[in-house]
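Below is one structure, written out as structure tokens; the observations come after it.
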């Protein structure tokens, strides 16, 4: 699909919001988003709202509505998320081929992930999210697994025009080693319960206020192992990550059980994200926003650096699981 959001002119956006049943005051601000398009829209005699236009042909109505239902369930449990705004009992609206959802505006700043008390606070809320997420799995949303995040993206990249010919054999060999390391990590971890997750818990999807954090952007919510929502809060060497993990779990285990065997998956999940991320960019290259933002992707240097990163991940996975300090 070429320029999937090409029709989203200011007039179209404001008309779409008004078609959902609101009156705009003409103010419009584009917010940062690549997968979808997100805008702050001024509303007459009221506070602005956030309008999210989902990428065409990515999700079905059933998949999107599961996101909205999960958000509503979390909000009902008084967990700080931003649920979809119902208008005439509907949270999903259709406007000339686009799917549109409106959200209340919530501000905040990036969390200070180098502070143990911040990690513990985030851990408490993630424990509460997972306690709700464990009640029942998603029926329509996908599952994070080796095939969907590793094998299928590998195949897509090999079939794409982006992989330089001179690096193709080396890249494929290293990816196969990485996938083997991932499979070994999953085997060491043993069976893991698959629960409903946020799926993409990095600092940009957490907004912090004086009252604490709230979680945004559940667009990648899916079934998966609980540790998926924890590992992206960790960074640095093994010792640093172990300290950070202890802080996160200090809060998390107040509300949800944590399976220590899942720590075998930390580097495996990091490796899957690395492969999946590259395939995601390749698949979206026909969207003009992607060449503009990720111009380095279409260069041999990127693929050389990816080969090095994958080799590092192979070594890290071979070292075994992340070990808690306490």
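Taking the centroid of alpha carbons for each part, region 237-279 and region 100-139 are 15 Å apart.
Could you list 196, 183 in order of exposure, starting from the residue whose Cβ has the fewest other Cβ atoms within 10 Å? Arranged by neighbour count, lowest to highest, 196, 183 become 183, 196.
What share of the DSSP beta bridges in the chain is antiparallel, in percent to the nearest 5?
Details: 28 of 30 bridges.
Counting DSSP beta bridges with both partners in the chain, the antiparallel share is about 95 percent.
How much FRET efficiency would the formula 1/(1 + (r/R0)^6) give for residue 177 and residue 109, where r is the Cβ-Cβ distance and R0 is 45 Å, rounded to 0.05? After rounding to 0.05, the efficiency reads 0.65.
How would you order 220-226, 106-112 from highest to lowest mean count of nearby Cβ atoms within 10 Å?
On the way: 220-226: 22.4, 106-112: 12.4.
Ranked from most to least packed, the peptides come out as 220-226, 106-112.
Ranked by the mean number of other Cβ atoms within 10 Å of their residues, highest first, the peptides 187-193, 14-20 fall in the order 14-20, 187-193.
Computing FRET efficiency as 1/(1 + (r/R0)^6) for residue 96 and residue 297, where r is the C-beta to C-beta distance and R0 is 25 Å, gives about 0.20.
Readers should treat all values here as calculations from the given coordinates under stated rules, not as data from a laboratory. Source: prediction; values computed, not measured. Neighbour counts are summed over all protein chains in view; Cβ atoms, including those assigned to glycine, are modelled from backbone coordinates with ideal geometry.
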